[in-house]
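First the structure, in the form of structure tokens, and then the observations on it.
The values are calculated or read from the model by the stated rules, or taken from the named source; none is laboratory data. Please read these numbers as outputs of a predicted model, since none were measured by experiment. A quick note on method: Cβ atoms are made from the backbone with ideal geometry, for glycine too, and the neighbour counts reach across all protein chains shown.
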Amino acid sequence: MTRSIIPHRVGTDNTSRIPTPNLPPPYTWTGARPGQLRANTSDFTATSTLLIGPKLTPFHIHTSLLTSQSSYFRAALHGAFLESTHNSITLDDISVEHFQLLSSWLYTSVLPTPFKDGKPAYYTLLHVYGLADRLGLEGARNAVIDVISELADRTNSVLTPSDTRILYSNIREKTPLRALVLDLFAFKKTDRLLETHADWWHAAFLRDLTVHLKRPCTQAMDRHRLRMWCPDSWHATRACDHCRALLPPRYGAVACEDCCVAFCTRCVDDGVAMAGWDDSRGRFEMVDGLADTEAGAVGEDRGRQLRKWEACKPWRGARCRLYHEHAETEKCEDVFLGR
Ligand SMILES: [Zn+2]
Ligand SMILES: [Zn+2]
Ligand SMILES: [Zn+2]
């Protein structure tokens with residue numbers, strides 16, 4: 001028998017799992033209140049059997065977890081479907097490996113970060129997103145958004161050309177995941193990668209990215225932590241990062257607290273700016289070890305450990321607003337950067 005789904009051999013390496021301390025919990029909210037799950041003792045006794053993959057691998061999962069998290073299982077296990085009579089569902093066309101990741105998320109609220117040969121396995125995450133979409137697991141889709149965002153930051157990587165083909169062929173068009181991927185390419189320095197990669201990028205991805213880079217977009221403003229700012233002299237003034245108008249002393253303007261960009265109030269009211277990866281204004285930050293330079297760290301080129309101040313990114317401060325869905329799950333706490 002021929003099956004179209006071929007399980008990928010990807011190690012889910014718990015030792016290299018990326019922790020999430022850079023975002024205060026609970027950034028990903030599963031929608032399940034712990035109190036709710038413990039309220040009813042039948043939550044612990046009732047399980048459903050899911051037969052997954054071509055070999056019908058059985059997964060015995062607490063029914064309350066499935067129905068509290070997934071509109072699909074809610075309908076299948078509570079509704080008039082045939083499956084609800086014997087609490088068993090067969091899903092022979094999905095990958096066991098991908099379902100294992102979703103099961104892990106169901107029980108722990110943490111989606112393991114998949115690696116292959118030490119590199120981030122974005123393709124696995126894309127497949128898991130598509131599966132979570134099919135099974136109505138909104139919280140799991142948001143968890144994939146979080147893992148991809150943090151993976152892209154920690155490993156300074158983006159999707160490969162074949163990943164863009166998965167994104168544009170296998171995943172529903174109107175998903176915030178596409179917006180995230182386009183922003184990763186627009187707000188990270190990816191020009192050389194796009195130019196020189198030997199493999200072919202998906203044509204529609206390149207089209208969308210080109211349009212994205214040519215038009216103002218709200219996330220270019222949303223990524224900043226803006227506050228009112230008034231240059232006190234001509235010496236301290238700057239130009240609006242969007243329209244380039246000079247921001248004169250004693251007139252109200254807006255500046256980001258994290259990077260150095262400033263905007264005129266008209267551009268902030270419009271809520272638009274252009275996507276760009278290098279818009280911080282030449283500030284530098286020191287990284288660990290620089291203080292040892294004068295102390296005679298011979299041979300170690302510690303002087304190089306000056307790094308350009310990093311520009312704000314939309315998938316950090318504005319992640320929930322831009323890329324999460326909260327039709328069924330509760331919104332994330334507004335704890336990150338006060339948003
Ligand atoms: Zn900023
Ligand atoms: Zn302006
Ligand atoms: Zn959210």
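In summary, helices (runs of 4 or more DSSP H) completely within the stretch 184-266 and bearing 2 or more residues that are under 17 Å from residue 317 (Cα atoms) and away from ligand 3 (no atom under 16 Å from the Cβ) occur at 219-222. Contact annotation: residue pairs with Cβ atoms under 9 Å, 6 or more positions apart or on different chains, pairing a residue in the stretch 93-112 that is farther than 11 Å from residue 140 by Cα with a partner that is basic (Lys, Arg) and surrounded by fewer than 17 Cβ atoms within 10 Å (Cβ to Cβ), are 93/3; 94/134; 96/55; 97/9; 112/17. Exactly one residue among 158, 147 is β-branched (Val, Ile, Thr), in contact (Cβ under 8 Å) with a residue 24 or more places away in the chain and over 26 Å from residue 50 (Cβ atoms), and that residue is 158. Tell me yes or no: at least one residue of the stretch 29-46 is surrounded by 14 or more Cβ atoms within 10 Å (Cβ to Cβ), in contact with a Cys (Cβ under 7 Å, 6 or more places away or on another chain) and at pLDDT below 90. Yes, because at least one residue in the stretch 29-46 is surrounded by 14 or more Cβ atoms within 10 Å (Cβ to Cβ), in contact with a Cys (Cβ under 7 Å, 6 or more places away or on another chain) and at pLDDT below 90.
Which residues, taken from the stretch 230-257, are away from ligand 2 (no atom under 13 Å from the Cβ), under 34 Å from the mean Cα position of the chain (by Cα) and surrounded by fewer than 18 Cβ atoms within 10 Å (Cβ to Cβ)? Matches in the stretch 230-257: 257 only. Away from ligand 3 (no atom under 16 Å from the Cβ), out of contact with any Ser or Thr (no Cβ under 7 Å at 6 or more places or on another chain) and farther than 30 Å from residue 181 by Cα: does that describe residue 269? No. Apart from one condition, residue 163 fits all of (1) part of a strand (DSSP E or B); (2) away from ligand 2 (no atom under 16 Å from the Cβ); the exception is (1). Please determine whether any residue of the stretch 68-91 is without any contact (Cβ under 8 Å) to a residue 24 or more places away in the chain, crowded, with 20+ Cβ neighbours inside 10 Å and in a helix (DSSP H, G or I). Scanning the stretch 68-91, I find at least one residue that is without any contact (Cβ under 8 Å) to a residue 24 or more places away in the chain, crowded, with 20+ Cβ neighbours inside 10 Å and in a helix (DSSP H, G or I), so the answer is yes.
Would it be correct to say that residue 180 is in a loop (DSSP other than H, G, I, E, B), in contact with a helix residue (DSSP H, G or I) (Cβ under 6 Å, 6 or more places away or on another chain), closer than 21 Å to residue 332 by Cβ and of a type in the set (A, V, I, L, M)? Judged against the criteria, residue 180 is not a match.
For residue 153, are the conditions met, namely being within 14 Å of the chain's Cα centre (by Cα) and part of a helix (DSSP H, G or I)? Considered against the rule, which asks whether it is within 14 Å of the chain's Cα centre (by Cα) and part of a helix (DSSP H, G or I), residue 153 comes out as yes.
Of all residues in the stretch 207-266, count the ones that are away from ligand 1 (no atom under 13 Å from the Cβ), without any contact (Cβ under 8 Å) to a residue 60 or more places away in the chain, hydrophobic (A, V, I, L, M, F, W, C) and closer than 30 Å to residue 164 by Cα. The number of residues fulfilling the criteria is 3.
For beta carbons closer than 8 Å, sequence separation of 6+ or different chains, a first residue in the stretch 317-332 that is in the same structural domain as residue 178 (by TED's automatic domain parsing) and a second that is among the β-branched types (Val, Ile, Thr) and away from ligand 1 (no atom under 16 Å from the Cβ), the qualifying pairs are 319/145; 323/145; 324/145; 329/30; 332/28.
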